[in-house]
Every structure is written in C-alpha cells, then in structure tokens.
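Worksheet: one structure, shown below.
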Amino acid sequence: MKHIIITGAAGYIGSSLTSELLRLGHRVTAIDSLLFGGESLISFMPNPNFEFVKANVTQPRALLNALRGKSQVDAVVHLAAVVGFPACQAIGRDAAWRYNVEAVKSVYEQSASLGVERFLFSSSYSNYGAADENRPVNETDSLNPQSLYAETKVAAEEFLLAQDGNPAPLIFRLATLYGISPRTRFDLIVNQFVLEAFAKRELIIYQRGYSRSFIHLQDVVRGIILGLDADVEKVRGQVYNLGTDDGNLTKDEIVNLVLKRLPETHIHYKDLTFGGDMRDITVSFEKIKRELGFDAILTADEGVREVLYALQSGLIKDPQNGRYRNARFIVQ
C-alpha cells in the first residue's frame with residue numbers, strides 16, 4: 001500500500017484516478033477546493049483508505065495543514081490547475097500564474113518538507129504549440145507555447161526539471177482527453193462534439209482539418225499509475241507525452257466518428273480561430289511505450305460510443321450546466 005496525495009481530486013482526472021488507486025488497495029488523501037462541487041468523491045467516503053481535505057493549493061501551507069499528524073506520504077499527483085486557455089485568459093495572467101505556476105512551486109516545496117519520494121505533474125502537449133516540421137513532435141523538441149495556459153505549464157515544468165532532490169519530479173504532457181468520469185467535462189473536443197450532435201443535431205467546426213492528439217481518460221489514469229509504480233530513479237526528471245499514436249486524429253476524423261452514430265447531424269464549418277492555443281500537430285508517444293510499457297486500450301470511436309450512451313440513457317442529466325464544464329467555456 002502506498003499513501004498518495006491527489007490535488008484537484010474532485011476533478012475530471014482526479015476523481016477517476018482516486019477510484020482506481022483505491023481499487024488497487026492504496027491509501028488516497030484527496031485535496032480539492034470544491035470549486036465545481038464534490039459529488040464525484042462521495043462514493044469513496046465509506047472506503048477506510050480514503051480521506052478528503054478541503055483546501056486551496058494556492059494557500060502557502062495547504063498541504064502541510066492537510067497532512068498534519070498523517071502517515072508518511074509516498075507520492076503527490078498534482079492535478080489542481082486552471083485548465084485551458086479560455087479559462088486562463090478569463091481570470092487574467094496574474095491569477096493564472098498564481099494557480100498554475102506558483103501553486104506548483106508551493107506544493108512541491110511542501111512535499112519536499114514532508115519527505116515525499118515522487119511528484120507527478122500533469123502538463124499538456126499544447127506546450128509544443130504549432131510544430132515547425134512535418135513530423136511527430138517528441139519530448140526533446142523545443143516548446144513553443146501559443147497561449148497563456150501553455151505558458152504557465154511550460155514555466156511549471158521548468159521549475160520542476162530544475163529540482164535535483166526529493167521529491168523526484170515526473171511530468172506527463174497529456175493529449176486531449178475524452179470519456180466519462182465521475183465529473184465529466186464537456187469542454188473537450190470529443191465529448192463536446194457528441195453532446196452538440198446529440199442535443200442539437202448540429203456541429204459547428206472551427207479550424208477544420210487541424211490535427212490533434214486524443215486519449216481516453218482511463219488510459220491517462222493507467223499511464224499515471226505506471227509512473228507511480230516505476231522505479232523512482234528511472235523516472236526522476238523525466239517528461240513523457242501521454243497518449244497514443246492511434247489518437248493522432250484530425251477534427252474531420254472525429255466528426256466522422258460522431259456521424260457514424262448520429263448520421264442526421266448537420267455539419268457547418270467556420271474559418272475562425274480563438275486567439276491562441278494553435279495546435280496543429282502530430283505527437284510521438286514512442287518514449288512512454290518504450291520506457292514505461294504504456295499502450296492505450298481505448299479508442300476515440302469507443303469514447304464517442306461511451307459518451308453518447310451516457311447521454312441517451314440519461315446517466316448524465318443536464319450536461320449543459322456548470323458541473324460538467326471545466327470553466328464554463330466551449331473550446332475547439
């Protein structure tokens with residue numbers, strides 16, 4: 001059994017990761033400010049290996065106060081963040097930097113004072129920006145952030161990679177996620193397209209033909225757990241693109257997957273950008289496959305089927321409300 005701290009535990013990734021770690025028999029302390037509520041964590045309350053602490057990681061002693069008197073912590077998985085360039089733009093540079101950079105430094109330093117062995121950080125493949133060369137980008141390529149959100153992730157990475165003590169930093173640059181979670185998001189391309197097609201029988205597509213990389217939420221959880229289980233010296237200071245080659249898809253290909261299940265959907269294309277986060281790239285995932293043995297199990301087509309079933313069956317009701325959006329923004 002390991003004792004693992006998850007910041008942002010009530011969120012899209014955090015709630016699913018909490019579930020899987022508990023299933024595997026680990027102890028989880030979940031930390032979240034509950035900006036979007038805590039319903040995603042309620043089912044874990046009877047588990048004796050689960051504990052929840054309401055805290056805002058931007059506060060200087062949030063982690064230390066949450067863990068006062070608790071047992072030794074083996075790892076911190078830092079997921080708490082303001083996610084996406086529209087959300088970062090909405091709150092402004094100073095606030096985005098406080099949540100996405102300064103909070104990372106603070107949580108890492110508190111983790112060090114607690115004797116934590118490893119620190120996993122969720123970053124983004126948006127850090128690569130628009131690729132200059134016509135080939136898949138890998139972890140050694142230069143970063144070219146095109147948005148405030150990506151700038152904050154790059155700055156947090158730079159801080160972590162400069163650390164040579166404990167906890168050992170490990171960074172995952174996540175592909176664009178899709179799939180159902182205890183707190184599902186519908187501001188992600190696959191999930192959003194399914195919702196729009198289901199609810200309106202209409203899709204409006206911006207930046208047609210752009211290539212992006214996609215991965216199912218459950219495969220991301222599997223990748224994070226591989227990072228937790230790997231020998232700490234093997235992953236110390238490492239950066240991994242977390243995704244799958246099969247997930248390198250254009251928007252048109254995602255649209256076709258939706259049309260396969262909702263053929264009556266009308267498609268409209270608009271030549272409009274969003275003022276940032278220009279990602280039109282293919283990403284290489286060879287390193288994580290070679291070094292950690294990661295292989296994705298689920299496909300985008302299965303993700304479309306899963307999300308559509310959740311909507312058609314009524315398992316998710318009122319998906320337009322704030323609980324199902326990361327920051328009440330639609331992004332493509």
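Might you let me know whether region 32-54 holds any residue that is of a type outside the set (S, T, Y), closer than 15 Å to S111 by Cβ and either touching a Cys at 6+ places or on another chain (Cβ under 6 Å) or in contact (Cβ under 8 Å) with a residue 40 or more places away in the chain (or both)? Write out each step before concluding.
Narrowing region 32-54 to residues of a type outside the set (S, T, Y): 32, 34-39, 41-42, 44-54.
Cutting the leftovers down to closer than 15 Å to S111 by Cβ gives us 53.
From what's left, either touching a Cys at 6+ places or on another chain (Cβ under 6 Å) or in contact (Cβ under 8 Å) with a residue 40 or more places away in the chain (or both): none.
No, the conditions are met nowhere in region 32-54.
On the basis of being of a type in the set (G, A, S) and in contact (Cβ under 8 Å) with a residue 24 or more places away in the chain, does A80 make the cut?
Details: of a type in the set (G, A, S): yes; in contact (Cβ under 8 Å) with a residue 24 or more places away in the chain: yes.
Against the criterion (of a type in the set (G, A, S) and in contact (Cβ under 8 Å) with a residue 24 or more places away in the chain), A80 qualifies.
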Worksheet item: Which one of these does K270 not meet: (1) within 27 Å of S16 (Cβ to Cβ); (2) in contact with a Phe, Trp or Tyr (Cβ under 7 Å, 6 or more places away or on another chain)?
Response: (1)
Fill in: Test set (1) more than 24 Å from I225 (Cα to Cα); (2) free of Cβ contacts under 8 Å to residues at least 40 places away in the same chain; (3) not hydroxyl-bearing (S, T, Y) - E158 fails condition number
(1)
Practice prompt. Please specify each residue of region 204-257 satisfying the condition of being within 23 Å of L21 (Cβ to Cβ) and small (G, A, S).
Written response: G223, G227, A230, G243
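Output the strands (runs of 3 or more DSSP E) that fall wholly within region 185-258 and possess 1 or more residues being closer than 27 Å to L79 by Cα, or say none. It would help to see each step written out before you state the result.
On the way: elements: 202-206, 211-216, 238-242, 248-250.
In region 185-258, 211-216, 238-242, 248-250 are the strands (runs of 3 or more DSSP E) which contain 1 or more residues that are closer than 27 Å to L79 by Cα.
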Practice prompt. Output the qualifying pairs, or none if there are none: Cβ atoms under 7 angstrom, residues six or more apart or on different chains, first residue in region 221-232 and surrounded by fewer than 17 Cβ atoms within 10 Å (Cβ to Cβ), second residue part of a loop (DSSP other than H, G, I, E, B) and of a type in the set (D, E, K, R).
Written response: V232/E117
Item to complete: Give me a count of the residues in region 107-159 that are closer than 25 Å to P86 by Cβ, of a type in the set (S, T, N, Q) and assigned to a helix (DSSP H, G or I).
Response: 3
Worksheet item: Name the residues in region 229-241 that are touching a helix residue (DSSP H, G or I) at 6+ places or on another chain (Cβ under 8 Å) and farther than 12 Å from E291 by Cβ, would you?
Response: G237
Fill in: Conditions (1) modelled with pLDDT of 95 or more; (2) over 20 Å from the mean Cα position of the chain (by Cα); (3) closer than 19 Å to V57 by Cα; (4) surrounded by fewer than 22 Cβ atoms within 10 Å (Cβ to Cβ); number of the one not met by V116
(4)
Discussion item. So, in region 233-248, exactly how many residues are crowded, with 16+ Cβ neighbours inside 10 Å, of a type outside the set (S, T, N, Q) and at pLDDT 95 or above?
Written reply: 6
Fill in: Residues that are modelled with pLDDT under 95 and of a type in the set (A, V, I, L, M, F, W, C), drawn from region 268-309
L272, F274, M278, I281, V283
Discussion item. Looking at region 3-38 only, could you name the residues that are over 20 Å from the mean Cα position of the chain (by Cα) and either in a strand (DSSP E or B) or not assigned by TED's automatic domain parsing to the domain that holds F121 (or both)?
Written reply: H3, R27
Worksheet entry | Residue list for region 39-69, filter: assigned to a loop (DSSP other than H, G, I, E, B) and either crowded, with 18+ Cβ neighbours inside 10 Å or in the same structural domain as K317 (by TED's automatic domain parsing) (or both) | A55, V57, L67
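The values are calculated or read from the model by the stated rules, or taken from the named source; none is laboratory data. Note that this is a predicted model, so its numbers are computed, not measured. Counting neighbours? That spans all protein chains shown, and the Cβs are built from the backbone with ideal geometry, glycine included.
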